[in-house]
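In what follows, a structure is listed as structure tokens, so that the remarks can point back to it.
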Amino acid sequence: MTHELSSIIDFIRYGASRFSAAGLTFGHSHDNPIDEATHLVLAALHLPPDLPPAYGTGRLVADERERVLALIERRIVERVPVAYLVGETWFAGLKFKSDSRALVPRSPIAELIEGRFTPWLDDRHVERALDLCTGSGCIGIAMAEYNPDWQVDIVDISDDALSLANENIAYQHVEGRVRAIKSDLFSGVKGERYDLIVSNPPYVTNDEYAAMPAEYSHEPVLGLTSGDDGLDITLRILAEAADHLTDDGLLIVEVGDSEHALVELLPELPFVWLEFKVGQMGIFALERRDLVEHASAIAAVRATRP
Ligand SMILES: C[S@@+](CC[C@H](N)C(=O)[O-])C[C@H]1O[C@@H](n2cnc3c(N)ncnc32)[C@H](O)[C@@H]1O
């Protein structure tokens with residue numbers, strides 16, 4: 001049967017049909033089977049994601065057919081995210097290496113980076129930025145790519161994540177402007193101040209993690225869970241960020257669905273929930289002065305956590 005498949009389009013169509021029929025979960029890089037199959041087939045053939053449609057009729061040779069069919073099978077049987085299968089994914093229009101050492105890049109923060117954080121940074125001068133909980137390095141490296149005059153530190157507690165992040169620094173040629181540091185949140189950047197701190201920390205609750213589809217079991221659990229309400233790490237960030245922001249500094253943090261629990265815990269904090277093309281995505285901005293003003297409320301909630 002598969003010998004009837006011939007062209008790039010044939011294999012994308014076949015992969016999409018198989019993915020749909022298998023009831024796979026999408027959400028790591030794409031939200032539908034056709035985009036997922038397109039990513040898999042084009043990356044496996046070492047072709048760009050914006051391949052002109054005319055090449056879609058190009059035929060695969062025997063070893064390419066075998067390679068693509070084997071990857072389609074692994075996606076279905078092992079439920080490995082497509083980015084891990086092909087070793088690469090795209091974030092903020094840039095290609096990143098991706099494997100099980102760190103989460104697959106997929107944060108909506110990409111949209112903020114591509115839009116140069118407008119209007120949040122319009123009246124601010126940024127020299128130094130920090131990507132806290134960097135994983136593959138995608139957020140910090142993309143910030144450096146889009147803002148060649150910024151110095152960016154990227155930190156993570158995981159040696160595996162940092163080894164991948166360092167590979168991505170070299171891959172994107174931003175050595176010298178991006179520094180990868182091993183750090184338990186701010187412990188490795190003591191005394192450092194940043195004009196902008198951006199973080200996509202772990203924020204999945206323990207119960208949510210237990211119910212997650214098989215695809216997520218291939219990602220490091222350290223990158224996903226953060227206590228019973230998903231907020232253990234975020235509360236530490238809120239408690240410590242003011243000491244690492246410049247006076248006019250801004251903190252941007254993704255908390256996803258844990259947004260509601262966070263607002264309940266700290267109702268008086270003036271979180272600004274950012275708007276994206278598709279609406280709100282559980283990502284807030286806070287000024288340093290807000291963190292300072294509400295420091296005692298944050299400390300009181302933080303004190304109840306590990
Ligand atoms: C949700 S992943 C995000 C990765 C990356 N920022 C992204 O958007 O793809 C969270 C990352 O936080 C890291 N992490 C967890 N606890 C940490 C801690 N205490 N200090 C620093 N990094 C931590 C994990 O290793 C993981 O790489």
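Data table
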| item | result |
| --- | --- |
| Whole-angstrom gap from region 132-208 to region 58-100, using each part's C-alpha centre | 25 |
| Most fluctuating residue given options Ala161, Ala170, Ala102, as computed from a GNM of the chain linking Cα atoms under 10 Å | Ala170 |
| Cα centroid of region 1-45 to Cα centroid of region 223-291, whole Å | 36 |
| Cβ-based net charge around Trp90, under 12 Å, with every Lys or Arg adding one and every Asp or Glu removing one | -1 |
| Mean residue ellipticity (222 nm) of the chain, computed from DSSP H runs ≥ 4 via -39,500 (n - 2.57), nearest 500 | -10000 deg cm²/dmol |
| Ratio of the Cα radius of gyration of the chain to 2.2 N^0.38 Å, where N counts its residues | 1.06 |
| Region 1-40: C-alpha gyration tensor shape, a/c 1.5 cut-off, then a/b vs b/c | oblate |
| Within-14-Å neighbourhood charge of Tyr55 [Cβ basis; K, R +1; D, E -1] | -2 |
| Theoretical FRET efficiency, 1/(1+(r/R0)^6), r = Cβ-Cβ of Val61 and Ala21, R0 35 Å, to 0.05 | 0.85 |
| Anchor Lys190: aspartates and glutamates whose Cα lies under 12 Å away (excluding residues fewer than 8 positions away in-chain) | Glu240, Asp243 |
| Fewest-first sequence of His3, His294 by Cβ atoms within 10 Å of each Cβ | His3, His294 |
| Two-site label geometry, Glu264 and Glu114: point separation in nm, points 7 Å out along Cα→Cβ | 3.4 |
| Region 204-306: relative contact order as a whole-number percent, Cα under 8 Å and 6+ apart | 29 |
| Asp31/Asp122 FRET efficiency (R0 45 Å; Cβ-Cβ; nearest 0.05) | 0.90 |
| Extended-chain gain in nm, criterion 0.36 nm per residue less alpha-carbon gap, Leu51 and Val77 | 6.6 nm |
| Considering only the chain, percent of DSSP beta bridges that pair antiparallel, nearest 5 | 40 |
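Quick note: the coordinates plus some simple rules give every number you see, no bench work behind them. Everything numeric here is computed off the predicted structure, so don't read it as measured data. Every residue, glycine among them, receives a Cβ derived from its backbone with ideal geometry; neighbour counts consider all protein chains shown.
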